[in-house]
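So the structure is just underneath, and the comments pick up after that.
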Amino acid sequence: MRVTPEVPGATDTTDTTDAYRQAGVDIDAGVRAVALMRSAVRATHGPQVLADLGYFGGLYALDPVAPDGPVLVAGADGVGTKLKLAFALGTHRSVGHDLVNHCVNDILTCGARPLFFLDYFASGKLEPEQAAEAVTGMAEACRTAGCALLGGETAEMPGMYSEGEYDVAGFIVGVVARDRMLLGLGITPGDVALALPSNGLHTNGYSLARKIFALEGDPRHVREQLYKYEDALGETLGEALTRPHASYLAEVTALLELLERPVKGMAHITGGGLLENIPRTLPSSCAVELYTGEWQAPPIFALIQERGNVSPQEMARVFNMGIGMVIIVAPEDVALVQSRVPQLVRIGLVTEREGSEAVILHAGRRVVRAT
């Protein structure tokens, strides 16, 4: 990914820091881990499995030959080190919303409707009220999504976690008719990239944000920092950082219900930011050019970049930068989808891919050149 000076106000920069790795998270190691496990995973696949590793959900056809038969779409995820802020502030119910909404958004990218959800809650010493609060949040989010919280596993493992801390993971299953699956296969150069805005970091990039804002160590110190009012944010740091991950179920469902079926592909912008997630829905022959002046990111991102001296390249690889979901449609369908979901913002174009770069950021607004 590069930031190009092809539009007014752009800055040409090629150097990048490695702040996220220094904060303890190595995206490249994660990519390598997937590559190393790929052959072992593929060896388990039969004709029912309809997508390779790397997509936003696993797809399993109940009838592998029925062209319109039901396809189960499954996903799993966690909340990451955003949990550390929940431990400091006691906001365990919002953890449940984070977990469910993240998983719902992932399977939405395939066109799936959520069916049911399960959770895994692990701690060193179980605190019943704390666990119940987190699961209550999951139940609330599941009710909103119209899916059942079937159950889960509560594990107590002395010595594995610090006092008062826990980890959670969520597992979701949805369904979509095979002839209505969205895998981005029909995306072509000239298509338009639209976006639904994020409300903040959602559930990714917290290891870097915590390091930059000194949200580590003594819980009392962490709470003091989180309660500080930041003029640049118009709220406290804690309010900006602990806002629950937004769910896009209502907006995406409204688009999927259109008879014209205008949506060609979607990308949920999670771990790996814009750079790693948008290519997951693009054909290998396509790239996308984004114009950062076309959308307004929440001020928390500018504050992170300023305080941490993080390069634009790394910001776009770690954070969602104000974009929660990217939706790709043909240019003639833009007006239709925006009339149904007015929150959609036009942020870029699909182009023919040249070289290894699948995402190209232009700092500014799109320039329309005469031909």
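The values are calculated or read from the model by the stated rules, or taken from the named source; none is laboratory data. No experiment lies behind these values; they were computed from the predicted model shown. FYI the Cβ positions are ideal-geometry reconstructions off the backbone, even for glycines, and counts take in every protein chain you see. These area figures cover heavy atoms from the full protein model, side chains too; ligands, DNA and RNA do not enter into them. Shrake-Rupley method; radii C 1.70, N 1.55, O 1.52, S 1.80 Å.
Could you list, in sequence order, all residues of region 342-357 that are in a strand (DSSP E or B) and either free of Cβ contacts under 8 Å to residues at least 24 places away in the same chain or among the small types (Gly, Ala, Ser) (or both)?
Once the filter is applied, which keeps residues that are in a strand (DSSP E or B) and either free of Cβ contacts under 8 Å to residues at least 24 places away in the same chain or among the small types (Gly, Ala, Ser) (or both), region 342-357 yields only Gly348.
Looking at Ala155, Ala141, which one is open to solvent by less than 30 Å² (accessible area, probe 1.4 Å), in contact with a Gly (Cβ under 7 Å, 6 or more places away or on another chain), among the small types (Gly, Ala, Ser) and more than 12 Å from Phe116 (Cβ to Cβ)?
Ala141
Looking at region 38-69 only, could you name the residues that are more than 25 Å from the chain's Cα centre (by Cα) and open to solvent by 60 Å² or more (accessible area, probe 1.4 Å)?
Correct list: Ser39, Ala40, Ala43, Thr44, His45, Pro47, Leu62, Asp63, Val65, Pro67, Asp68.
With the condition kept exactly as written, say whether any residue in region 334-341 is out of contact with any Cys (no Cβ under 6 Å at 6 or more places or on another chain), open to solvent by less than 80 Å² (accessible area, probe 1.4 Å), modelled with pLDDT under 95 and not in a loop (DSSP other than H, G, I, E, B).
The answer is no; no qualifying residue exists.
Can you pull out the residues in region 311-328 that are assigned to a loop (DSSP other than H, G, I, E, B) and either modelled with pLDDT of 95 or more or buried (at least 22 other Cβ atoms within 10 Å of the Cβ) (or both)?
Phe319, Asn320, Met321, Gly322
Whether any residue in region 91-104 is over 19 Å from the mean Cα position of the chain (by Cα) and open to solvent by less than 40 Å² (accessible area, probe 1.4 Å) is what I want to check.
Yes.
With the requirement that a residue be within 17 Å of His202 (Cβ to Cβ), open to solvent by 40 Å² or more (accessible area, probe 1.4 Å) and part of a helix (DSSP H, G or I), what does region 74-88 give you?
Lys84 - this is the single residue of region 74-88 that is within 17 Å of His202 (Cβ to Cβ), open to solvent by 40 Å² or more (accessible area, probe 1.4 Å) and part of a helix (DSSP H, G or I).
Output the residue which, of all residues in region 158-189 that are open to solvent by 60 Å² or more (accessible area, probe 1.4 Å) and aliphatic (A, V, I, L, M), is farthest from Arg280 (Cα to Cα).
Filtering first and then ranking leaves Met160.
Quick one: is Gln305 open to solvent by 10 Å² or more (accessible area, probe 1.4 Å), without any contact (Cβ under 8 Å) to a residue 12 or more places away in the chain and not in a loop (DSSP other than H, G, I, E, B)?
The answer is yes for Gln305.
Restricting attention to region 70-90, which residues are within 21 Å of the chain's Cα centre (by Cα) and of a type in the set (Val, Ile, Thr)?
Scanning region 70-90 gives Val73, Val79, Thr81.
Limited to region 221-259, what total is found for residues that are under 23 Å from Ile300 (Cβ atoms) and open to solvent by 70 Å² or more (accessible area, probe 1.4 Å)?
Looking only at that region, the number is 8.
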